[in-house]
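Have a look at the structure that comes next, please.
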Amino acid sequence: KDGEAMCNFKLYPALMYRLEVGVARVGKDGSDISGDSYSVIYLSRGKVALILSDGMGTGAAAAQESSTTITLLEKLLQSGLERELAIRMVNSIMLMRSPEDSFATIDMAVVDLCSGNTEFVKIGAPASFLLRGKRVAAIASGALPAGIIEDIEINTISKNLTVGDVLVMITDGIADSYRGTGEKEDWLARVLQDTKHLKPQELAELIMKLAQTGSGDANRIADDMTVLV
């Protein structure tokens, strides 16, 4: 009626799932400076973006490349920009800002906590692994890293996650650490089959310890290592 106060409200869907995240990272030869960067970004409508980036090389320059990539993606995604457009903008910025050869990988998983649907985008990144029970599935794509070519290839891989699923995202330092036969990520897939009982942080630390041991010398690590579980 005329003169009465108005009240507005919005309805949001309830979140059906929650994430528990564990992270372990170490720089080359145990350095405090790592060329790998990561972020967990809470977006609108119940979505969460998990992002890893590995800058070219190691040390401060690589750290600058990967942290810039992560920061740009955070700002663009939180402003409401679509995932593919955000990645293309970051790629264009990297091409313009760097007179020398430099690049960074982008490994992104966007999880919908309402439905469980998860979309993966891998730009020059190694395989991720999805553990369900004792079954391990690799998630991989062959796209080049960001900052190399203007017309970057972006392929999206969709998976439906459910209660109890474990997702493991890694940088090249982890993938390349094991000095054995077969594909370089095979050792990690075998380890994951017996780790269902571990919490994410415990699993991240175990993978890091095994990667350091597998490299032959825990004090002489050939590349930066990061694992996000």
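What's the number of the condition G27 fails, among (1) under 25 Å from E65 (Cβ atoms); (2) open to solvent by 60 Å² or more (accessible area, probe 1.4 Å)?
(2)
If the Cβ limit is 8 Å and pairs must be 6+ apart or interchain, which residue in the stretch 58-77 that is farther than 13 Å from T226 by Cβ and of a type in the set (A, V, I, L, M) pairs with which residue that is modelled with pLDDT of 85 or more and open to solvent by 20 Å² or more (accessible area, probe 1.4 Å)?
L72/M89; L76/L85; L76/M89; L77/L43; L77/R83
Let me ask something else. Scan L50, L85 and give me the residue that is of a type in the set (A, V, I, L, M, F, W, C), open to solvent by 60 Å² or more (accessible area, probe 1.4 Å) and within 20 Å of I157 (Cα to Cα).
L85
State which residue is nearest to N117 (Cα to Cα) when the search covers only the stretch 12-44 and only residues that are among the hydroxyl-bearing types (S, T, Y) and in a loop (DSSP other than H, G, I, E, B).
This residue is Y17.
Return a yes/no flag: does the stretch 200-215 have any residue that is open to solvent by 70 Å² or more (accessible area, probe 1.4 Å), touching a helix residue (DSSP H, G or I) at 6+ places or on another chain (Cβ under 6 Å) and at pLDDT below 90.
No, the conditions are met nowhere in the stretch 200-215.
Only strands (runs of 3 or more DSSP E) wholly contained in the stretch 88-136 count here; list those with 3 or more residues that are at pLDDT 90 or above and closer than 25 Å to E65 by Cβ. Show your work before the answer.
On the way: elements: 106-112, 117-123, 128-132.
Result: 106-112, 117-123.
Out of Y42, Y38, which single residue is buried (at least 19 other Cβ atoms within 10 Å of the Cβ) and modelled with pLDDT of 80 or more?
Answer to the selection: Y38.
Of (1) within 16 Å of the chain's Cα centre (by Cα); (2) open to solvent by 50 Å² or more (accessible area, probe 1.4 Å), G80 satisfies all except one. Which?
(1)
Inspect the stretch 89-104 for any residue being under 25 Å from S158 (Cα atoms), in contact (Cβ under 8 Å) with a residue 24 or more places away in the chain and either open to solvent by 80 Å² or more (accessible area, probe 1.4 Å) or out of contact with any Asp or Glu (no Cβ under 9 Å at 6 or more places or on another chain) (or both) and give the result as yes or no.
Within the stretch 89-104 (the criterion being under 25 Å from S158 (Cα atoms), in contact (Cβ under 8 Å) with a residue 24 or more places away in the chain and either open to solvent by 80 Å² or more (accessible area, probe 1.4 Å) or out of contact with any Asp or Glu (no Cβ under 9 Å at 6 or more places or on another chain) (or both)), the answer is yes, since at least one residue qualifies.
L50 passes all but one of (1) at pLDDT 95 or above; (2) over 23 Å from F129 (Cα atoms); (3) not acidic (D, E); which number fails?
(2)
The values are calculated or read from the model by the stated rules, or taken from the named source; none is laboratory data. Keep in mind that this is a model prediction, so the values were computed, not measured. Every residue, glycine as well, gets a Cβ built from its backbone with ideal geometry; the counts of neighbours run over all protein chains shown. Accessible surface areas use protein heavy atoms only, side chains included; no ligands, DNA or RNA. Shrake-Rupley method; radii C 1.70, N 1.55, O 1.52, S 1.80 Å.
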